[in-house]
1. Out of all the residues in region 138-179, which are open to solvent by 10 Å² or more (accessible area, probe 1.4 Å), farther than 30 Å from residue 95 by Cα and part of a loop (DSSP other than H, G, I, E, B)?
2. Among (1) open to solvent by less than 40 Å² (accessible area, probe 1.4 Å); (2) over 28 Å from residue 125 (Cβ atoms); (3) not hydrophobic (A, V, I, L, M, F, W, C), there is one condition residue 45 misses while meeting the rest; what is its number?
3. Does residue 256 satisfy being open to solvent by 40 Å² or more (accessible area, probe 1.4 Å) and over 28 Å from the mean Cα position of the chain (by Cα)?
4. Filter region 71-104 down to the residues that are aliphatic (A, V, I, L, M), more than 24 Å from the chain's Cα centre (by Cα) and over 16 Å from residue 306 (Cα atoms), then identify the one that is surrounded by the most Cβ atoms within 10 Å (Cβ to Cβ).
5. For region 362-385, enumerate the residues that are in contact (Cβ under 8 Å) with a residue 60 or more places away in the chain and more than 15 Å from the chain's Cα centre (by Cα).
6. Select the helices (runs of 4 or more DSSP H) contained entirely in region 180-272, then report the ones holding at least 3 residues which are free of Cβ contacts under 8 Å to residues at least 12 places away in the same chain.
7. Could you grab the pairs with beta carbons closer than 7 Å, sequence gap of 6+ or different chains, first residue in region 404-421 and farther than 15 Å from residue 459 by Cα, second one open to solvent by less than 10 Å² (accessible area, probe 1.4 Å) and among the acidic types (Asp, Glu)?
8. Please determine, by comparing only the residues of region 304-329 that are open to solvent by 40 Å² or more (accessible area, probe 1.4 Å) and charged (D, E, K, R), which one is farthest from residue 424 (Cα to Cα).
Amino acid sequence: MISALGKIFTDLFIRYMPSAYVFALLLTLFTGFMAFIWTDASFMNIIGGWYNGFWTLLAFGMQIILVIITAYSIAQSAPVEKGINWIAGFIKTPGHVYLFVLIFSALFSLISFGMIVIVAILARELAKKVKGLNYPFLIACVYFGLGSWVAGASSSIALLLNTENNFLIEAGILSDLIPTSYTLGSALNLAMIVLFIVVGPLLFLILIPKNNKQKELSDLLILDNSEKETSVKAEAESYQLPFRAVSDILNNSAYLQMTIAIFGFIYIGHYFYNNGFDLNFNIIIFMFLMIGLFLHKTPLRYSISMKRSSRNISGILFQYPFYAGIMGIMFSTGLGDKIGEMQSSIATMTNYPFLAYVSGGLVNFAIPSAGGEFAVIGPSIITVVKELGAGLSESEVTSMIARASMSIAYGESLSNALQPFYLLIIFPVMAAGTKLQARDIMGFFVIPFILFFIIQSALLVWMPL
């Protein structure tokens, strides 16, 4: 029955959900309209905020692109291809593939959500080798596991609260740092991790589609077998001149590239020695770059792999600025503050985590960035919590602030199941060479979204501090 219900939702999304780009355009108009009727902003203020916001996610967008292409480049190296073939030898049925991908997606995302690209690459390779897979459902498995990142080492809100001189302290909203023992190390957060690693995979196994006809990767690929690419190594060899040349020696010099890679590894060791296990996009990209240099051995092979990896990133290149524009409207018009004010009028000691959770989910549609979203609604929510906690001990108030802040994060993470923005991270890998769109994937998330919403809401409200 649950599987049949899942098919109904999938069919509805295929029929009615537009492309991710059209979704962004509709969301732009909706956010602008809400700002116009709910704030004092004029039409030109809204347009100006939209324009100014366009450029605020350029660095973030470039980071996402580099994570994708550097990870994809690694996957094209000979050692990784051998490793994937070895893993495929143990995973022989569609059920095993789904379970493996769901668990590893959640585990890797606990390290950093940029690591999801590695799982996406592995899932695509498994789809080539295991027959009977529903490939759109497999993409959904990879994407849903991404939600665990908010409870892991790269959780931006939790890390922000524990960052020296963060904007909350500078604004006088917080008087001191909130250690990660109150956020990532809390019993609540550990329960959320179990939810993604254990409950999520079990739920998706129940939702496995019964009819996989014409849904395998081989059925969906546009290119025929005659157009399959040669290996990176073979293409590199094809470029060599028929006579000995200095240019070929340099292009295929393992010594040159390995020297650079060694310098990079020395810095990576130095970084972690001084900073502990502090992962961020910059160090992850740098690690992926150096690992790619090492695995491909020569400059020419690495250049070829990066060229191949860069062919499917158009969605990120032109869609991220539109979402940044939406975020600009939220910032410039005070729409986020209005949401916080609405909360303060109905918040109680019992429901404040749930209100923060719902706010995080709703605002995520306009600002699909946990850090950017927290900058908009975090201050007002923390102020409300401090007012509610007046008379309690400092430790209790800190726990309440941590819970409200993480509630925003959990809401933001779960609503990605209905918001195709972050699907752009794995689509360049998993949908390459196909006509798959967000509408083919998003319907699989409706039932998991409803059940996770109920479970997470209960944990937020009733689980002790």
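1. 162, 163, 164, 165, 171, 172, 173, 174, 175, 176, 177, 179
2. Failed condition: (1).
3. Answer is yes for this residue.
4. It comes out as 91.
5. Hits for region 362-385 are 366, 374, 375, 378, 379, 382, 383.
6. Passing ranges, in order: 232-238, 246-251.
7. 412/373
8. 307
The values are calculated or read from the model by the stated rules, or taken from the named source; none is laboratory data. Since we're looking at a predicted model, the values are computed, not measured. Note: ideal-geometry Cβ built from the backbone for every residue, glycine included; neighbour counts use all protein chains shown. All accessible areas refer to the heavy atoms of the entire protein, side chains included, with ligands and DNA or RNA removed. Shrake-Rupley method; radii C 1.70, N 1.55, O 1.52, S 1.80 Å.
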